Amino acid sequence: METRVIPVSREHLQKKDVAEAAQLLREGELVAFPTETVYGLGGDALRPDAARRIYEAKGRPSDNPLIVHIADTDALPVLARNIPKSAYALAKRFWPGPMTIILHKKKIVPDATTGGLPTVAIRMPSDPVAAMLIRESGVYIAAPSANASGRPSPTRANHVYEDLKGRIPMILDGGDVPIGLESTIVDLTGRIPMVLRPGYITIEQLREVLPKVAYDPAILKRVRDDSIVAKAPGMRYRHYAPKGELTIYEGDLAAVTERVRKEAEAKIAQGYRVAVLASEETKGCYEGLTVRSVGDREEEATVAAHLFETLREFDDMGAEYIFGECFPSAGVGAAVMNRLMKAAGYRIVQV
Ligand code: AMP
Ligand code: MG
């Protein structure tokens, strides 16, 4: 299958720019498209055959459910039942935007889309390309991130092309995404609203609307613990991982940079290809080593925006060992550290 890459402009978007993509979706085919978080791999959420194509293209385990993207809150009662008031309160404040809610599904949503779960994940994206694609196609779009399963999520069209070329008919290329991390997932099906995945919308922001919202225990655990059943099934799988072995060092920054430097030099002496994951503030500490700055420590959003791209760069350079610094975990930092810990397979060393 040939994969066509179609440039689209966020600023000067016209209906005709997404017409072919919309048609493909109506036919049950797949289209990768930009959102404000990461690129998504979309298919008709109400068609089991489209959902199965998504799993196949990504090589994703079929019990890992998809997020259904909508363009209007009117879609909520179509897809979900027993919708609590909290759903509308969150929607009013954070939609369109990088927040996903989990609700009890209606029968119309096939098991293939929800990985067999009785619940459905729903999000209304703010990206103009995504919004227009949903409206023009007239379908609810099931879309996980448009990466091959296990690889870092794609933040630009060529990441999607690298992973899925020949497997999907079309990629809408809207340039770099603004946020760079996946949506915050909030489960509203239990007694207490639970954050199943941290994202750009922070728990502090959610608490302004729902004061009781809490983190799912599985997020806070630093080590794999099978006694805690991951509620977002995606949390069970190896995720976001670069091909090389990534280790993160945590502690006083000066001590961390010194330790990272030492570990990197030791592996180089053994003949390995080594890279360092650093920040704007610290990249100067690693003279002579292969270093990538992921962003500015003082501005977590810059780290969020470049994390996945940087992990992919390590793959491109064939890094066998990667040594990285920890980042502050306030605000969006919680989501950054969640992804970084997963990418490191929870190899965190206290310095
Ligand atoms: P992705 O967009 O690739 O991050 O994949 C969607 C994420 O949403 C996965 O990690 C899923 O585990 C999560 N998700 C989707 N539907 C549900 C659901 N019904 N309950 C819990 N988590 C879900
Ligand atoms: Mg994903």
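Side notes on the structure shown:
- By a 1.4 Å probe calculation restricted to protein chains, E281 has an accessible surface near 80 Å², given to the nearest 10.
- The stretch 276-351, Cα convex hull volume normalised per residue, Å³: 92
- Antiparallel DSSP beta bridges within the stretch 11-124, percent to nearest 5: 75
- What the pair-distance distribution of the stretch 83-181 shows, using all Cα-Cα distances binned every 10 Å from zero, is 13, 38, 39, 10, 0 percent.
- For the chain, calculated [θ]222 nm from helices alone, where every DSSP H run of n ≥ 4 adds -39500 (n - 2.57): -9000 deg cm²/dmol
- Pairs exceeding a 18 Å alpha-carbon distance, out of K15/K58; K243/K342; K16/K92; K58/K165: K15/K58; K16/K92.
- Diffusion coefficient (Stokes-Einstein, Kirkwood radius over C-alpha pairs, 37 °C, 0.692 mPa s) for the stretch 76-134: 270 µm²/s, rounded to a whole number.
- Here the stretch 262-351 is assigned +1 on the Cβ of each Lys and Arg and -1 on the Cβ of each Asp and Glu. Its dipole about the Cα centre then comes out at about 400 debye.
- The calculated Kirkwood hydrodynamic radius for the stretch 141-188 is 12.0 Å, given to one decimal from all distinct C-alpha pairs.
- Of the beta bridges in the chain, as assigned by DSSP with both residues counted there, near 40 percent are antiparallel.
- In the assembled protein chains, E56 presents an accessible area of approximately 140 Å² (probe radius 1.4 Å).
- Across the stretch 333-342, coupling constants 3J(HN,Hα) worked out from phi with the 6.51/-1.76/1.60 Karplus curve, θ = phi - 60°, read x, 4, 6, 4, 5, 4, 5, 5, 5, 5 Hz, and Gly and Pro carry x.
- Cα centroid of the stretch 4-64 to Cα centroid of the stretch 299-321, whole Å: 25
- Where only alpha carbons of the chain are counted, the Rg and the Dmax (Å): 20.0, 61
- Counted charge near G271, where neighbours are those whose Cβ lies closer than 13 Å (Asp, Glu -1; Lys, Arg +1): 0
- Counting only protein heavy atoms and a 1.4 Å probe, the stretch 9-138 has 40 square angstrom of accessible area per residue.
- Within the accessible surface of the chain, defined with a 1.4 Å probe on protein heavy atoms only, the carbon and sulfur portion equals 50 percent.
- Positive-end residue, the chain charge dipole about Cα centroid, Cβ charges, pick of V351, A22, A330: A22
- Whole-Å distance, taken between Cα centres, linking the stretch 113-161 and the stretch 238-287: 33
- Remark: the stretch 236-290 carries a charge dipole of roughly 420 debye about the Cα centre, counting +1 on each Lys and Arg Cβ and -1 on each Asp and Glu Cβ.
- Each label was represented as a point 7 Å from its Cα along the Cα-to-Cβ direction; for D111 and D72 these points are 3.2 nm apart.
- The order of S62, S293, S153 by accessible area, most exposed first and with a 1.4 Å probe, is S62, S293, S153.
- Pairs of Cα atoms farther than 18 Å apart, the stretch 135-229, %: 62
- Ranked from largest, the principal axis spans of the Cα set of the stretch 16-175 equal 42, 30, 29 Å.
- Extent along principal axes [Cα atoms of the stretch 246-297; Å; largest to smallest]: 31, 19, 19
The values are calculated or read from the model by the stated rules, or taken from the named source; none is laboratory data. Please read all numbers here as calculations on a predicted model, not as lab measurements. For neighbour counting, all protein chains shown are included, and Cβ atoms are generated from backbone atoms with ideal geometry for every residue, glycine included. Ligands, DNA and RNA are stripped out before the accessible areas are found, and what is left, the full protein with its side chains, is counted by its heavy atoms. Shrake-Rupley method; radii C 1.70, N 1.55, O 1.52, S 1.80 Å.
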